[in-house]
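Structure record follows, encoded as structure tokens.
Bear in mind these aren't lab numbers, they're just calculated from the coordinates by the rules spelled out. Only a predicted model underlies this, so the values are computations on that prediction, with no experimental measurement involved. Don't worry about glycine lacking a Cβ; one is built from the backbone with ideal geometry, like all the others, and counts go over all protein chains shown.
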Amino acid sequence: MAGKATAEEKEAKPLRHGYTTGSCATAATKAALTALITQQEQREATIRLPIGQDVSFQTESCEFDAVSATAGIIKDGGDDPDATHGALIISTVSWLDEPGIVLDGGIGVGRVTKPGLPVPIGEAAINPVPRKMIRETAQAVLDEHGIERGIKIVISVPAGEEIAKKTLNGRLGIIGGISILGTRGIVVPFSTSAYKASVAQAINVAQKMGCRHIVLSTGGKSEQFGMTQYPELPEEAFVEMGDFVGFALKQCKLKGIEKVTLVGMMGKFSKVAQGVMMVHSKSAPVDFGFLAQLVREAGAPEALVEEARGANTASQVGDMMAEYPLFFEKLCESCSRAGLREVGGGMEIETMLITMKGTLLGKVTVHDTGNEGDWNRG
């Protein structure tokens, strides 16, 4: 007899993937251009994704006259809905007197204003792969109908400026709307690759803007704390690394960043201190034996050491050590040293540990003296 699905079975159920803004913009372009050429409404458009898969998109709207046509497609993020899930992606295609394909962004598509992004300053924030998809798809439609006239394609996202407030675009120097993104054409549910790509991009922008000191935070609250500690740093210097501590540190090393400040809380930084550089809740359990050892080294009585060993959460250990500031210093020092081991030295790493309410618990800087493995506290 079939019973209720267990949590494990529910988790094992395959998640539905979605489609990128780049794929939606490409499909909308094909529908609009086809409508312009045939002077017939297009209910759907089939395109080939970069991964080699053919996909049909239903149009939300399709209007045309003799000189231009507009088609819209609603973005479906699948089971990993991001800020752009449900957004209307519009392509307007119009005839040009001169041959060739001109591609630009309209309302709700951002403009690039800072270096370090894959699109030159001044251009619409339509990334290289979507640009290629849109141009090649449009050219194929023109060729299919034997047309040699030039066209102008304008991609718009009516709600783009509002949606962009939920993204890192402003920090990256993309002003006025969202970016048209996608390298594979599909959005893989809960994929870490997109987040890591945004972290790498943010660090690259910071380096191009001349930042030698970057503040990496695990979330919004820790980032805000970092900003209060370093008001003199430009906003580009503050990067939310999320759970990807090791990845973010390696990106900083790659870009020649001289000093990195890590800002976070007990739960995740208890893992970093042990050398765990991917600190998602499922990545690795907190080692309470390790924390108990730090409690002992901080001079706490043996009863407190045993209490820490049997604790349920790292935050609980932090609460019981409130009167022993040396504990937090030791934890911060362990984080900085683990970070230096991860990147092989060559930079200064400062760790700031804060409470959920944004109070500083500890702060320690460890810098590389130039001798491998010889790192001194600042």
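Residues that are among the β-branched types (Val, Ile, Thr) and part of a loop (DSSP other than H, G, I, E, B) were ranked within region 77-107; the one that is nearest to Ile174 (Cα to Cα) is Ile107.
Filter region 333-372 for residues that are outside any strand (DSSP E or B) and among the hydrophobic types (A, V, I, L, M, F, W, C) and give the result. Within region 333-372, Cys335, Ala338, Leu340, Val343, Met347, Met356 meet the criteria.
Scanning region 134-175 for residues that are among the aliphatic types (A, V, I, L, M) and over 20 Å from Ala197 (Cα atoms) returns Ile134, Ala138, Ala140, Val141, Leu142, Ile147, Ile151, Ile153, Val154, Ile155, Val157, Ala159.
Ala202 versus (1) under 19 Å from Ala31 (Cβ atoms); (2) of a type outside the set (Lys, Arg); (3) assigned to a helix (DSSP H, G or I): which is the lone unmet condition? Among (1) under 19 Å from Ala31 (Cβ atoms); (2) of a type outside the set (Lys, Arg); (3) assigned to a helix (DSSP H, G or I), the lone unmet condition for Ala202 is (1).
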